[in-house]
1. Could you pull out every residue, at least 5 positions away or on a different chain, whose amide H is within less than 5 Å of the one on C:Gly70? Hs are placed 1.01 Å off N in the peptide plane, and Pro or chain starts have none.
2. Report, to one decimal in Å, the Kirkwood hydrodynamic radius for chain A based on all distinct Cα pairs.
3. So what is Rg over Rh here for region A:1-60, counting just Cα atoms and using Kirkwood for Rh?
4. Can you tell me the relative contact order of chain C? Whole percent, Cα pairs under 8 Å, sequence separation 6 or more.
5. How long are the semi-axes of the equivalent ellipsoid of region C:3-89, defined as square roots of 5 times the Cα gyration tensor eigenvalues? Whole Å, largest first.
6. If only Cα atoms are counted, what is the Rg of region B:39-141, and what is its Dmax, in Å?
7. Sort C:Asp75, C:Asp27 so the one with the fewest other Cβ atoms within 10 Å of its own Cβ comes first.
8. Please compute, for peptide A:106-113, the average count of beta-carbon atoms on other protein chains lying within 10 Å of each residue's beta-carbon.
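Only the coordinates and a few stated rules stand behind these numbers; no lab work does. All figures in this text were calculated on a predicted structure; none of them were measured in a lab. No Cβ is skipped: glycine too gets one built from the backbone with ideal geometry, and neighbour counts run over all protein chains shown.
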Amino acid sequence: MHTLIVIDQPPYGSWGGRESLDMAFSLAAFDQPVSLLFIDAGVLWLKQGQEPDGIYQKSVERNLAAASIFGVEALLAEATACHRFGLTDNNLINGVTRIENTGTTLQQYQHVVFSG
Amino acid sequence: MPADIHTFTLVITGAPYSSQAPETALGFARAVLRAGHTIDRVFLYGEGVHLASSLASPPSDETNWTRAWGDFLQEHSVPAVACIASALRRGLVNESEQKRYQLPASNLAAPFEIAGLGEWVESTIKSSVQSSRVIYFHGGA
Amino acid sequence: MHTLHIVSKPPGNTRFRECLGMMGEQDALLLTGNAVTALADSTITLPAMVYALQEDVRARAIDPRQDISGQVTFDDMVSLTIRAQRVISW
């Protein structure tokens, strides 16, 4: 019974993405299978080099890069959104799988959840 | 009572007065019980925690969603939990959190309680059986 | 019905577009809250199986469209969530 948490909001402008990560890490902490899917501007969470000190926020880049250590099974990103926002092998954080057909991916999970 | 009784967990992520999420969820919750099903828990997450604020004071000719939900929960003995991380960030605290963080007031309306995401995880695990459902009510902006 | 997609956001929200783009052929759409304005928006093409929450349609004086599956009450909404193999809220 695998849960897919979907993030479609860009980082830092709202707390929705952070609260999505909290959901994913909580499921993982209880040994429940969970993956994260980034679509639309949500893929910007996965870009290297985030420096949010100037807006008094903490970077989540390191948390995401360590997601597999926390027990999150996969970091999935919509390939078209990556292309749209200029995300390539050179600037994506490690461990991201780009997927071509998001609709098909969505079909594979019993639970598909947005945090808000 | 239907032969196949289902158990629902309702997750509300939209705040009252900035979204319809609490009212859609309440209409749904009433219909769940009318059909003879059960609600094991209502979970408030993100902006949804504002529903549990005892300080909301809308004009008297508008629905007070905190009170409407509180009445429903008490009448049907349905537990409702606000996520502690979402709640503390947004200034929603019970007496024990007020003491812990030495805050000037507490504002958690009865019968809402504050607890961790573990409660939501438990509902999610339970919903792997066919007779159990977790339904999310998001904001509409 | 395989998946019931519940949408509460208006057609202009990216979430609405995402939902329509990812729906499977066996899936149904349930419009609630601001999402019911899609019924009044002549630029929106909706899938075959569409339901709209009657209370929200009436509240906004939206004319029911003949080409869609229909308006539902909260009681119907509960039945739909049980009939569906899974439910996704957008």
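1. Here C:Val50, C:Ala52 satisfy the definition.
2. 14.1
3. 1.00
4. That works out to 38 percent.
5. Value: 18, 16, 11 Å, ordered largest first.
6. In order Rg, Dmax, the Cα atoms of region B:39-141 give 14.4, 46 Å.
7. C:Asp75, C:Asp27
8. That average works out to 6.
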